[in-house]
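The values are calculated or read from the model by the stated rules, or taken from the named source; none is laboratory data. These figures come from a predicted structure and were not determined experimentally. Neighbour counts are summed over all protein chains in view; Cβ atoms, including those assigned to glycine, are modelled from backbone coordinates with ideal geometry.
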Amino acid sequence: MLRKSALQPDSLVSSSMLPYSRQSIDDRDIEAVVRVLRSDWLTTGPSVEAFEEAFARATGARYAVAVNSGTAALHAALHVFDLGPGDEVLVPPITFAASANAVVYHGASPIFCDVEPSTLLIDMENLEEKITPRTRGIVAVDYAGQPCDYDRLRQIAAKHGLFLLADACHSLGGSYKGRPVGSLAELNAFSFHPVKPLTTGEGGMVTTSDSQVARRLKQFRNHGIDRDHHQRAEIRSWSYEMIELGHNYRLTDFQAALGLAQLRNLAEWTARRNRIANDYYQVPLSKLGLTPLQRHADRYHAYHLFVVRIDPVCGIERDRLFNALRAEGIGVQVHYRPVHLHPFYVNRFGTGPGECPVAEEAYQNILSLPIFPSMTEVDFSNVISAITRVLEGERS
């Protein structure tokens, strides 16, 4: 039994922790994985190619290249742009650290741009202000699952001769002005971590419309080697050459089989996430002092996260509310500590407070509420009851 909230001494809303998100796995997923485990191919086999082809169709891309994590997807995508020391890449700070880390892996410097207070998506005006002669490109993060303004981003990128990479790790299943996420930027990176829109356990994907870029991505994921074993078999040769320094970022066939099986549910799961989000919007959370982030009418939100901001009228700080709700069995979370405030970036790049004031202020009062496809009406009611109990108890 969880301990009772310090703010509400009555009985707990939930006796087990309701997570902010969780994977959905059914018998067909398990059967798909087992079939591969009983086959001759455990890695770099036909299931990987089938997953890539299906994923490309689902996202409106010409090519999709599977890798073993979302971080690997970002790293591989940035590799294509030949970044190096002295180069700068613009990145929003409200994101998981991998969005910026992938820039550092290439010896380049992330330059943090502030975010819009209503959406926590990258602020276009601040982005343009931070462009310098060293700026090479933009990593646009579809925070919480809402696509960025890609028309405006492409205009800025074209004006200044920059590349545009979509960090779409949150937004698979979403769309912008009717165009699916995955076809909105030069390259688009995805994550298949268990809490993401679909899962392969760990895994990732990069989509592109350029065949040569796809070829280079496949080379990078395979140690920088020019031919994989399939290509060598086709020409009946053992010979290969390492053209550049790459990594072992390959995805296994049983992971790809799971991803392919999961992909069939993507539209249904995204619709379910939207229904739950709409239910949250129907609840008068603002009367309790919680304001959901703004959603744009021209975008279909994937709702990887449902984020609210805590108004000062609540009379309770975010961390205290976080602890109180968790004590009630509601597994709220915080996404994210601004990347430029992490010790590594402070020590390595001299970043710190004051650099992105909107992001820094938002970090103090954001909270992610539970949202995932298998969330039930009872689960939802428990979340609302816990929030009401805690906040009304605080005011009494």
For this session: State all residues of the stretch 349-389 that are of a type in the set (Gly, Ala, Ser) and either in a helix (DSSP H, G or I) or in contact with a Pro (Cβ under 6 Å, 6 or more places away or on another chain) (or both); if no residue qualifies, say none.
Result: Ala359, Ala362, Ser381, Ser385, Ala386
Exercise. Picking from Val339, Val313, Val307, Val334, which residue would you name as being β-branched (Val, Ile, Thr), surrounded by fewer than 23 Cβ atoms within 10 Å (Cβ to Cβ) and either under 26 Å from Val91 (Cβ atoms) or in contact with a Lys or Arg (Cβ under 7 Å, 6 or more places away or on another chain) (or both)?
Worked result: Val334
For this session: Name every residue in the stretch 74-101 that is among the hydrophobic types (A, V, I, L, M, F, W, C) and either assigned by TED's automatic domain parsing to the domain that holds Cys356 or in contact with a strand residue (DSSP E or B) (Cβ under 8 Å, 6 or more places away or on another chain) (or both), in order of residue number.
Result: Leu74, Ala76, Ala77, Leu78, Val80, Phe81, Leu83, Val89, Leu90, Val91, Ile94, Ala100
Exercise. Can you tell me which of Val334, Val283 is β-branched (Val, Ile, Thr) and under 23 Å from the mean Cα position of the chain (by Cα)?
Worked result: Val334
For this session: Please state which one of Tyr336, Tyr249 is assigned by TED's automatic domain parsing to the domain that holds Pro357 and among the aromatic types (Phe, Trp, Tyr).
Result: Tyr336
Exercise. In the stretch 285-300, which residue that is of a type outside the set (A, V, I, L, M) and over 26 Å from Ala168 (Cα atoms) is surrounded by the fewest Cβ atoms within 10 Å (Cβ to Cβ)?
Worked result: Lys287
Problem set entry | Residue check for Thr351: over 30 Å from Leu266 (Cα atoms), crowded, with 20+ Cβ neighbours inside 10 Å and among the polar types (S, T, N, Q) | yes
For this session: Would you point out the residue of the stretch 247-284, among those that are touching a strand residue (DSSP E or B) at 6+ places or on another chain (Cβ under 7 Å) and closer than 29 Å to Tyr150 by Cβ, that is surrounded by the most Cβ atoms within 10 Å (Cβ to Cβ)?
Result: Ala256
For this session: Check off (1) more than 27 Å from Glu125 (Cα to Cα); (2) in contact with a helix residue (DSSP H, G or I) (Cβ under 7 Å, 6 or more places away or on another chain); (3) among the β-branched types (Val, Ile, Thr) for Thr351 and give me the number that stays unchecked.
Result: (1)
Problem set entry | Answer from Phe96, Phe112, Phe192 - the residue that is within 12 Å of Gly70 (Cα to Cα), touching a helix residue (DSSP H, G or I) at 6+ places or on another chain (Cβ under 7 Å) and at pLDDT 95 or above | Phe192
For this session: Residue by residue through the stretch 159-195, note down the ones that are outside any loop (DSSP other than H, G, I, E, B), closer than 19 Å to Val91 by Cβ and not charged (D, E, K, R).
Result: His160, Phe163, Leu164, Leu165, Ala166, Leu187, Asn188, Ala189, Phe190, Ser191
Exercise. In this structure, does Ala56 turn out to be farther than 25 Å from Tyr336 by Cα and outside any helix (DSSP H, G or I)?
Worked result: no
Exercise. Of all helices (runs of 4 or more DSSP H) completely enclosed by the stretch 236-336, which ones contain at least 1 residues that are modelled with pLDDT under 95, over 30 Å from Arg38 (Cα atoms) and in contact with a helix residue (DSSP H, G or I) (Cβ under 8 Å, 6 or more places away or on another chain)?
Worked result: 285-288
Exercise. Among the candidates Arg57, Arg35, Arg22, which residue alone is more than 30 Å from Gly329 (Cβ to Cβ) and under 25 Å from the mean Cα position of the chain (by Cα)?
Worked result: Arg57
Exercise. What number of residues within the stretch 80-128 satisfy the criterion of being free of Cβ contacts under 8 Å to residues at least 12 places away in the same chain and under 30 Å from Ala297 (Cβ atoms)?
Worked result: 1
For this session: Answer with yes or no whether Asp298 is free of Cβ contacts under 8 Å to residues at least 60 places away in the same chain and either farther than 27 Å from Ala100 by Cα or not hydrophobic (A, V, I, L, M, F, W, C) (or both).
Result: no
For this session: May I ask you to list the residues in the stretch 131-148 that are touching a residue at least 12 places away in the same chain (Cβ under 8 Å) and out of contact with any strand residue (DSSP E or B) (no Cβ under 8 Å at 6 or more places or on another chain)?
Result: Gly145
